[in-house]
Structures are given as C-alpha cells and as structure tokens.
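Notes for the one structure printed next.
Coordinate-derived values only; no laboratory data. Note that the coordinates shown come from a computational prediction; the quantities given were computed from them, not determined experimentally. Neighbour counts run over all protein chains shown; Cβ positions are idealised from the backbone, glycine included.
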Amino acid sequence: MVPPTDNRLRRPERIAVIGAGYIGLPTAAGFADLGYDVSCVDTNPEKLARLTSGIVDLHEPHLQDLVQRGIRTRRLRFSTSGIAATRDASIVFICVPTPQGDDGSADLSYVEGAISTIAPVVRPGTIIVTRSTVPVGTADQLRDLIGRNDVHVASNPEFLREGSAVADFFHPDRILIGASETLVRRRLGELYDVFGAPVIITDIATAELTKHAANAFLATRLSFVNAMANICEAAGADVHQMMRVVGLDPRIGPKFLAAGPGWGGSCLPKDTRALAYVARQLGEPFEQLEVTVSSNERQFNRVVRRLSDHLGGSCRNRRIAVWGLAFKAGTNDLRDSPSLAVCRRLLAEGAHVIGYDPAVTAPQVKHLGVDYADTSIGACFGADALVILTEWPEFSEVDPSDVASAMTGDVVFDTRNVLDTNAWISAGLRLVTVGRGSPDPKKSSVNASAA
C-alpha cells in the first residue's frame, strides 16, 4: 500500500492530466499524492461522476484508495472540461488512447483533439507532455498544431504495467524525459526527484521511439519463446526447463520467458504494428518485427488447431469452457487479449464458448458472442474441453476432481502452464500443455508420413 502523504505539503507546479484511463488516472492520483494540485479530465460524464465519488472501475490494486485520498485532501479534482482544467495548469500530461489504425499506424486523433482544445487557453510557459505512446515525430506535429512559441512540448513515455500501475508509478525503474529546452528538462526532472530512480533525459524523437522499441523487443522475445515451445513440443522437450537455464545468462535474464497462447494487451500489439509502420514510412522496413507480429497470429491459430486435434479433428458444436478473458492476470482489460483472439477463432469454428474471469464482468463480453459463467466450475458444466488462457493464480487452486465431475469431456488445454500436471491427470483428465513434451498431433502425423 502507498503511504499517505503529509496534507500540509504543497508543490508549486499545477498539473492537469487529460485522460482518466489506465495511464492517466494513476498518473493524476499519484502526483496528487505527492502534493501537487491535479485536475484530471475525461469526456465520459458517467465515469467522471463515479470518480468524483471515489469509485474506480479499473481493476488496479490500491488505485481507488489513492483516488479517494486525493479527493479528501482536495488535491485531486475531476472535470469533463479540458479548458477549465488546463487554464491554470503549468504542466499538462496527455494520457489519451492512441489506437491502432487499419494500416498499423497509431491513430492520433484523440491526442490532436485534446491539444486543439487546450492550446488556445493554456498559460504562457506551460509544458504539454505526451505521456501516451506516440510515434516518433509526433511532438513536431503538435508544435505546429499548438501554433504558439510560448508553450513547450515534451515527451514522458509511461512504463506502467496494468495490475501494478500504482506500484510502478511510485517505484519506477527508470524515468524517461524527452525535451529540447534546458528549463523544460529541469522542471520535468524535478517532478520525479522524489522517486530516486534514474532519470534519463534525451531529445524528444529518441524518447518517442524508445517506448515503441521497448515493447517491440518484449514482443519479439515472447514470440521467440513461443517458437521454441513449439519446437519443444515436436521434439518431446520442456521449454520451461530450457528457459530457466537460458534466463540464468545475465545477458538475457529470467523475465518475459514464459511460453503461452500468444501475446497481447493494450500496448504490445499496437506498438509493434505502429513501429513497423513507422519503419516502412522511413524507408527502413523492420522485417524481423513484421515476422514477430505474423508469428503471433499463427500462435493463436495453433491453439485452436491443437484443441481441435484433441477433440477428434474439429471444435464445431463443441462446448468449450475458457478460464481467463483479460489479457493478463491482475487486470480486467480485454484490449487485444490473447484469450479473446482464441475465443473468436473458436466461435468461427462453430464452437460454443463459455468464459469465466475473476475480474471481468458479463457485460464486457456480451457483444463478443461468449457466454459468461459466474464461477470457474460453472463454466465447465457440460463442457467437452477446458482451455486456460489467462494465468490467474486462483486457477491452480481449483480441485481438478470438481472440474472432471462438471465436464462431459476430459480435455484440459493449459496454455499458461498454471496447473499441477500430476494432480489433473490423476483426476482422469487429458492435460495438454504448451512447450512441455506434448507433441502436436498434426505435425507428428506429417513427420511420420514423410519418414
């Protein structure tokens, strides 16, 4: 839990945050807790009404407590008016979505809309900071859009992970500031002095490109691990033991070495595609990254194909229970969720999908064609197969005998490797795993024929 701040503390900068989502709200509440006066803007009046009452819809540990404390100390306010919130601000953080366009490019319409609204009213000397992930060159475009020489533009990419955004805000491993003017660098640097983390100051283009580079590297790493998992399945090897050894190499490290159904989430898919688009526009095609993206799509297909192979060759008219709908444990965010990518493919194959997730509600998935169960066991009633697609720890605690009793079939596909293999097999279930010596039946058949 984040310790309460001294209510007597007041800091000179007045901050406005445009956007009250997964990045904006932790940013606004965090700076308010550090003693700054913060106005947070969002265009959704119902959401703002709940936030003003101290109710946070995001599944983010400690965030609601932080927001409520900011409201009590009157350092955190909410508004639907960007003009009112930024008129007296000295620093404005832009934390709005930058969704993926049809061609892979980042859609900057929300960023440009926010800038167009506030540019005429902000005070001279105000720093407008893009905290949203934007493509290189965005700051130059925003300067032209602002059209004022007395307003500064800077970049401060966020590195907040969903499910631990509050902890990441207060305990960052690095702070990246992109700015050209010395005064702007100093003022933004002073915001983060309290954290004691390394503050790296670069030109704006480098800062804008760095966030995309970091996420593209992580995505490439995960695709490599999944490719090795597929090889291990064909060879009868164990990718998990392999990656434990690989991760002991200090040049590599142990993180982001878990095989799974494919990667996703609110950042990696759109940022990899955005970087690939930028690279093409700059005349430097990033072929390795293009392959990373396409191989991830094939990984989703592979999950459905392997499940079909264990169900007699087809998922049509099969009842499939799915545990986990959010893109990862610790959040209720469904954006570009690997689970939903697989669910859509199952539905396209004619399967009946019943999902459960401890943080997701039924209305969130109603439009997707996925039926929702209130419990993990409830999803399994009458199911021909169970697929675990999100790594919630509670799934490992479910009694496999209860699952076996509820299901009609016996196939359990653990794409996250969270289940105890021996316990689930002992319950009479056929456990299929990723990268752990469970050969792909289709590939094995082809190889045998070729031999």
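What the table below lists for this structure:
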{"item": "Relative contact order of the chain, pairs being alpha-carbon contacts under 8 Å that are 6 or more residues apart, as %", "result": "12"}
{"item": "DSSP bridge pairs, the chain: antiparallel proportion in percent, nearest 5", "result": "5"}
{"item": "Theoretical FRET efficiency, 1/(1+(r/R0)^6), r = Cβ-Cβ of THR80 and LEU183, R0 22 Å, to 0.05", "result": "0.10"}
{"item": "Charge tally in the Cβ shell below 14 Å around ASN317, where Lys, Arg are +1 and Asp, Glu are -1, ASN317 excluded", "result": "+1"}
{"item": "Residue order, fewest to most surrounding Cβ atoms within 10 angstrom, among SER105, SER53", "result": "SER53, SER105"}
{"item": "Nearest-0.05 FRET efficiency for GLU46 and SER116, computed from C-beta distance (R0 22 Å)", "result": "0.35"}
{"item": "Fewest-first sequence of VAL92, VAL365 by Cβ atoms within 10 Å of each Cβ", "result": "VAL365, VAL92"}
{"item": "Cα-based shape type of the range 14-201, given that a ≥ b ≥ c are square roots of the gyration tensor eigenvalues and the cut on a/c is 1.5", "result": "rounded"}
{"item": "For the chain, calculated [θ]222 nm from helices alone, where every DSSP H run of n ≥ 4 adds -39500 (n - 2.57)", "result": "-12500 deg cm²/dmol"}
{"item": "Spin-label model distance (nm) - ALA213 vs LEU347, 7 Å beyond Cα toward Cβ", "result": "3.9"}
{"item": "For ALA276, net neighbour charge (Lys/Arg +1, Asp/Glu -1) across residues whose Cβ lies under 12 Å away", "result": "-2"}
{"item": "FRET efficiency, 1/(1 + (r/R0)^6) with R0 41 Å, evaluated for ARG280 and ASP173 via beta carbons", "result": "0.85"}
{"item": "Packing-based exposure ordering (other Cβ within 10 Å, fewest first) of ASP42, ASP371", "result": "ASP371, ASP42"}
{"item": "Note, ³J(HN,Hα) from phi for the range 249-265, Karplus 6.51, -1.76, 1.60, rounded to Hz, x at Gly and Pro", "result": "5, x, 6, 10, x, x, 7, 6, 10, 9, 6, x, x, x, 9, x, x"}
{"item": "Estimated distance in nm for a label pair at GLN241 and VAL194, the labels positioned 7 Å out from Cα along Cα-to-Cβ", "result": "5.0"}
{"item": "Distance in nm between pseudo-label sites at PHE224 and PHE381 (7 Å out along the Cβ direction from Cα)", "result": "4.7"}
{"item": "Amide H contacts under 5 Å for GLY260, placed H, 5+ residues apart", "result": "none"}
{"item": "Percent antiparallel among DSSP beta bridges (both partners in the range 110-249, rounded to 5)", "result": "10"}
